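For reference, the structure is listed below as structure tokens.
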Amino acid sequence: MHLEHVDVEKVLLYNLIFMLEKDEKKIIKEVTEAEYKYGFVSNFDTDTISPGLNEDIIKTISKKKKEPDWMLKKRLEAFEVLKTLKQPEWANVEYPDIDLQNIIYYSAPKKKVQLNSLDEADPELLKTFTRLGISIEEQKRLAGVAVDVVIDSVSVSTSFKEKLSELGIIFCSMSEAIEKHPELIKKYLGSVVPAKDNYFAALNAAVFSDGSFCFIPKGTHCPMELSTYFRINEAGTGQFERTLIVAEEQSYVSYLEGCTAPQRDENQLHAAVVELVALDSAEIKYSTVQNWYPGDKNGVGGVYNFVTKRGVAHKNAKISWTQVETGSAITWKYPSCILKGDDSVGEFFSIAVTKNHQQADTGTKMIHMGKRTKSTIISKGISAGKSNSSYRGLVKINRNAENSRNFSQCDSLLMGDKCGAHTFPYINVNNKNSIVEHEATTSKIGEDQLFYCNQRGIGEKEAIALIVNGYCKEVLQRLPMEFAVEAKNLLEITLEDSVG
Amino acid sequence: MLRIQDLFCTINNTPVLKGLNLNVKAGEVHAIMGPNGSGKSTLASVIAGDDKYDVTNGNVEFLNKNIIDLAPELRAAMGVFLSFQYPVEIPGVSVSNFIKIAVNEKRKQNGLEPMSSTDLLQEMKKNLELLKMDSSFLSRYLNDGFSGGEKKRNEIFQMSMLKPKLAILDETDSGLDIDALKIVANGVNSLRSSENAFVIITHYQRLLNYIKPDYVHILADGAIVKSAGPELALELEKKGYEGIIK
């Protein structure tokens, strides 16, 4: 029976409803009235360097982080690569060129960040958590989620580390990993997304300041959801975090990330890199709720979210990306799977919501290399206001990837008549015995559907939530239960205005 | 229970209802018949509160309250139910989920606690049996891929869960085979009481063999032109509308 799932789904959908209203006038009204609720600035004492990008800045970052020479060398190599690359222009998004010299590449809360318990934390930091709705104690109690919080550039808190280490699982900040597990970092960092991959990947490789590292040893089923929150706080800073997850043979891990940023008139750059390595028969599930500041109703400010996410699946391994993208002025993001080993599986489930002047160009790449590899793509776009949302996806089946299969479904839901939805599928099949299917639909929330719900006693907001919920069902049901709790906390403040 | 006085309404500035009057008391069943385009479905929509239609004159009173300016969900909470002629599909929303929300929203409006899932499920099972529907029905998406007959049964199923004071059945019988018709009629009859009332819109006298109306009205060109007992439906069957509306 499905009754028990109802409330969880409803909770997740509440973040969508404030922007989805019955008719165009109301959409615009409600959307413009619904303010971003994570726009506060916390006043920590921070250690911030001057803006600009050059070798000295990179050396400073590396030095501040007390990195070994090999790491600095990697950074400088990436910087050399960056100089040869240009900002990509092919995406269906518009923005002025980003001047890398105007960005601050390092900013960290000054207080010593290695914490053994919450009592040691900066009270201002704890206040930030509370305002974000993330009470770490509550999370421990509720879900047993291990959390790593990255504010501006530096990882400030991890919990559950000891419990995990008993199982041989490493879950720590990237800085700590570079210091304590150099052999793993040398082996895997940049192995999936090399610096030369693209402009923003090269930038990230040169200047990344922290991020999360996760290692699951052979045969281990990680007993809890691992989770990271990212937050940009300092003005003028970019956030360049780096995440690396390595799942050894026959292991399993589910990983969640959430993000917010203060409300500022300037555009902030977020250029992250996420690399996943799933060795033979391993499974990695990676879920994201992205809620960066989207800019105001006139399109001023907001985060540029230019992220490279990619995973390699070895023999019989499985990589699954699930994302709920509601924030950012511009989203440019294609979580991808390289299905390298025979019988490996890649999945991509996405909900992307845009409103006001938001632009999203998002999708996935499934590269089939091994025999009998399978991939599934389910993309649900929702556009409101004057926003534009594009799905861009590549399905490539190499000659040797015999008997491989892909199924893609790209749906778009439009609210009002000033928004746009676009689908750019790229399909490239190089053998005769593989099967690729692509389905796409575009629909509008109908007045008839709303009236039907109203007649049953269900008011407008509830009705829209219900319809959108149904529309997104295939993706929402992929999210772990714990995420629903976190998403609720993260989105609660958003709700206050739109419901009350 | 329902009192409609001198009701005029338009859609896109085209007049549809032109001075309609109707009185329905608790415990009564009224049948409304009339040729295509006479305004039957419009009447149903206006009572339910569809804002596609502009009411330009007249009153609709329900339980002694003028409901013309009341939102449709509030009318529903007061006990108005419309069985749609063309029920809409809502993919991804299961029948049970939809009914749970509908039932609890109505309870909330009336200051009641939400019904527990267990109680709700029991009630659903009971009503499914009454309508000879399989319980697998509950996990299907609302009207998504339903046959015409299944959609209509689903309407009556929802009615049985929401227990309205006033139920308007808009051509619930069209698209039903004779067995389904009997089952639906049986469902309606089992809900009849001295506390509630039914307005049944139909083209055919057939349904009225199974649900006995107290009154039959003929609607033509936006107004009720003739009202009588059940015998009017039989007369209509013989003579056709032209024979009756002179």
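The values are calculated or read from the model by the stated rules, or taken from the named source; none is laboratory data. Since the model is a prediction, treat every value here as computed from it, not as a measurement. Ideal geometry is used to build each Cβ from the backbone, glycine not excepted, and the neighbour counts take in all protein chains shown. Quick note on the areas: whole protein, heavy atoms, side chains included, nothing else; ligands and nucleic acids left out. Shrake-Rupley method; radii C 1.70, N 1.55, O 1.52, S 1.80 Å.
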Could you tell me, in Å, what Rg and Dmax come out for the Cα atoms of region B:122-165? 10.0, 30
Expected-Rg normalisation [2.2 N^0.38 Å, Cα atoms] applied to region A:310-414: 1.13
Taking 7 Å along the Cα-to-C-beta vector as the label spot, tell me the residue B:132-residue B:235 distance in nanometres, rounded to one decimal. 3.5
FRET efficiency (residue B:10, residue A:437; Cβ distance; R0 60 Å; to 0.05) is 0.80
Hey, what's the Kirkwood Rh for region B:94-202 if you take every pair of different alpha carbons, in angstrom? 14.4
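State the volume of the convex hull built on the alpha-carbon positions of chain B, expressed per residue in Å³ and rounded to an integer.
Spread over its residues, the Cα hull of chain B gives 123 Å³ apiece.
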Of A:321, A:70, which has the most accessible area with a 1.4 Å probe, and how do the rest follow in descending order? A:70, A:321
How large is the translational diffusion coefficient of region A:376-430 in µm² per second when you combine the Kirkwood radius over alpha carbon pairs with Stokes-Einstein at 20 °C and 1.002 mPa s? 169
Expressed in µm² per second, the diffusion coefficient of region A:353-487 from the Stokes-Einstein equation, with Rh the Kirkwood radius over alpha carbon pairs, at 37 °C and 0.692 mPa s, is 196
Net charge, residue A:371 excluded, C-beta distance under 12 Å - Lys, Arg +1, Asp, Glu -1: +3
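Under the Kirkwood approximation applied to all pairs of distinct alpha-carbon atoms, what is the hydrodynamic radius of region A:285-340 in Å?
12.6
Computing the accessible area with a 1.4 Å probe over protein heavy atoms, can you report the carbon and sulfur percentage for region A:268-372? Before the final figure, lay out the partial values.
Numbers: 970 of 2130 Å².
Reported share for carbon and sulfur atoms: 46 percent.
Between residue A:64 and residue A:167, what's the calculated FRET efficiency when r is the beta-carbon distance and R0 is 35 Å? Round to 0.05.
Efficiency at R0 = 35 Å is approximately 0.60.
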Which three extents, in whole angstrom, do the alpha-carbon atoms of region B:1-104 cover along their principal axes, largest first? 41, 30, 26
List, in order, the whole-Hz ³J(HN,Hα) value for each residue of region B:83-99 obtained from phi through the Karplus relation with A = 6.51, B = -1.76, C = 1.60 and θ = phi - 60°; use x for Gly and Pro. 8, 6, 5, 10, x, 7, 9, 10, x, x, 10, 6, 4, 5, 4, 4, 5
Testing the spin-label approximation: label points 7 Å from Cα along Cα→Cβ at residue B:228 and residue B:122. State their distance in nm. 4.9
Measure of compaction for region B:179-243 (Cα Rg per 2.2 N^0.38 Å): 1.18
Based only on the alpha carbon positions, what is the Kirkwood hydrodynamic radius of region A:257-386, in angstrom? 15.1
Between helix B:148-162 and chain B, what is the angle of the helix's C-alpha long axis to the longest principal axis, kept within 0 to 90° and rounded to the nearest 10? 80
